[in-house]
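All remarks here apply to the structure that follows.
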Amino acid sequence: MRQPPTVEPPAVEPPTVERPTVALVGVHGHGRWHARRIAELEQAGRLRLAAVADPRPPEPGTVPEGVARYATLEDLLAAAPPDITLIATPTPTHFALAEAALRAGSDVLLEKPPVTGLAELAALRATAARTGRIVQVGFQSLGSAALPALRTLMADGTIGEVTGVGAAGAWCRPETYWRRAPWAGKRWMNGVPALDGALTNPFAHAVVTALAVLGEDAMAQVPERTRLELFHANPVEADDTSAVRIELPGAPPILVAVSVCAPKAAEIDPWVRVQGTEGEAVFHYTAGRLSVSRFNSGVSTGVEELSQAFPEADLLANLLDHRARPDEVPLMVPLEDTIGFTAVLEAVRDAPEPRAIAPEHVRVEDSEVGRATTVPGIVDLVQACARGQLLFSEAGAPWALPDH
């Protein structure tokens, strides 16, 4: 007897996993970097770039064909709100754009600085809570695994009792940097804070990371006292050479000294240093490297007992993971972790105009990046200030003395 033919069961298609949709607001400047990272995550099947918004057309190759393009976020949200809105626009626009995205039901990845003051930050946190949406802030260094490692060695006494935190950075920015956008080098623009100064833009990570090494409480509270020394060597409104002392209740003092007026050949990677009674730990946050040195009779031996590199954090991937598994994957940079930084930013915003560094203390140099205004000795000065917990005037910088 012939056997009946074997009937294979019908193939069952695997369930389709809907990829979160992402909209990029701002496709120029730092937005181009975000566009590349979005493309990488899309290639990996993690998301789908649904739309971009920018009043200017994107540069060729920045946005794939078939992606919807809008002049404004308002138009984009009216057409189809995305799951995630990534905002990479000038700081003065952040608050209104983030509010609009949250109210439309979209989670937000918001570039740094998130807002222009504590009132805006409180309002944005309230909107996020009311809508049940998520806001991740684009402070890359706060997502680094180096920070919990640093906090652990501080807690276990590896460097003794912590006596202070210092941060230093010195870069060269050519004259073209101050012409890169209408708001470049401005403190205010059309009655709105622009805050394109050294402490609040290029070295914003130095400030927020110095707070972060002291833990979540330090990040999430307003300092008791903030003392600023703001200067500019370039003919701009904002500060390009600055120092700030931050005092928190029950915590070691923080001193941040930075400048974008370094000679090109003398630039340094910014660092945050934790000084203890028995040693020091230094985190070069742009390179992701953490090193620890011990003291001998109170002086650093210069011998690194630990030197470890940590991979760069991916804040967009973390946001995707947090949305999918909120109980398992914590958000790396929630809004509340930027309260301390925003308080410092607000102090810079409301401070008197930065003082001009006298011409006799300024040089102009030509380098591969173009003509740049420099301050001789500034690289050594910012590092000495950060290590010694000194403002520029306290360190004896002649252009910073009160009667200069």
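The values are calculated or read from the model by the stated rules, or taken from the named source; none is laboratory data. Treat the numbers as computed from the prediction; the structure is a model and nothing was measured. With ideal geometry, Cβ positions are generated from the backbone for all residues, glycine too; neighbour counts draw on all protein chains shown. The area values use the complete protein model at the heavy-atom level, side chains included, leaving out ligands, DNA and RNA. Shrake-Rupley method; radii C 1.70, N 1.55, O 1.52, S 1.80 Å.
Quick look at the numbers
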item: Asp321 vs. criteria more than 22 Å from Ala238 (Cα to Cα) and either among the hydroxyl-bearing types (Ser, Thr, Tyr) or assigned to a helix (DSSP H, G or I) (or both); result: yes
item: Identity of the residue in the range 102-136, among the polar types (S, T, N, Q) and over 17 Å from Ala88 (Cα atoms), that ends up least open to solvent (accessible area, probe 1.4 Å); result: Thr127
item: Elements of type strands (runs of 3 or more DSSP E) contained in the range 15-101, each with 3 or more residues being buried (at least 16 other Cβ atoms within 10 Å of the Cβ) and modelled with pLDDT of 95 or more; result: 21-25, 48-53, 84-87
item: Filtered residues of the range 353-383 (kept if in contact (Cβ under 8 Å) with a residue 12 or more places away in the chain, touching a strand residue (DSSP E or B) at 6+ places or on another chain (Cβ under 9 Å) and open to solvent by 50 Å² or more (accessible area, probe 1.4 Å)); result: Glu353, Arg355, Ala356, Arg363, Val369, Arg371, Pro376
item: Test: residue in the range 114-129 that is assigned to a helix (DSSP H, G or I), within 19 Å of the chain's Cα centre (by Cα) and among the β-branched types (Val, Ile, Thr); result: no
item: Failed item in (1) outside any helix (DSSP H, G or I); (2) open to solvent by 20 Å² or more (accessible area, probe 1.4 Å); (3) β-branched (Val, Ile, Thr); (4) in contact (Cβ under 8 Å) with a residue 12 or more places away in the chain, with Val329 passing the rest; result: (4)
item: Residues satisfying the stated conditions in the range 190-204, i.e. at pLDDT 95 or above and surrounded by fewer than 23 Cβ atoms within 10 Å (Cβ to Cβ); result: Asn201, Pro202
item: Qualifying positions in the range 150-177 - farther than 20 Å from Ala204 by Cα, within 24 Å of the chain's Cα centre (by Cα) and open to solvent by 50 Å² or more (accessible area, probe 1.4 Å); result: Arg151, Thr152, Glu175, Thr176
item: Candidate set from the range 130-158 (those that are part of a loop (DSSP other than H, G, I, E, B) and of a type outside the set (Val, Ile, Thr)); member that is nearest to Leu109 (Cα to Cα); result: Gly138
item: Failed item in (1) outside any helix (DSSP H, G or I); (2) farther than 21 Å from Asn318 by Cα; (3) within 20 Å of the chain's Cα centre (by Cα), with Val108 passing the rest; result: (2)
item: Matching entry among Glu237, Glu224 (being within 19 Å of Gly250 (Cβ to Cβ), out of contact with any Leu (no Cβ under 6 Å at 6 or more places or on another chain), surrounded by fewer than 21 Cβ atoms within 10 Å (Cβ to Cβ) and of a type in the set (D, E, K, R)); result: Glu224
item: Pro352 being in a loop (DSSP other than H, G, I, E, B), out of contact with any Phe, Trp or Tyr (no Cβ under 6 Å at 6 or more places or on another chain) and under 24 Å from Leu195 (Cα atoms); result: yes
item: Search result, residues across the range 333-347 that are part of a helix (DSSP H, G or I), aliphatic (A, V, I, L, M), crowded, with 24+ Cβ neighbours inside 10 Å and in contact with a strand residue (DSSP E or B) (Cβ under 7 Å, 6 or more places away or on another chain); result: Leu335, Val344
item: Total residues in the range 267-288, condition aliphatic (A, V, I, L, M) and either open to solvent by 40 Å² or more (accessible area, probe 1.4 Å) or without any contact (Cβ under 8 Å) to a residue 12 or more places away in the chain (or both); result: 2
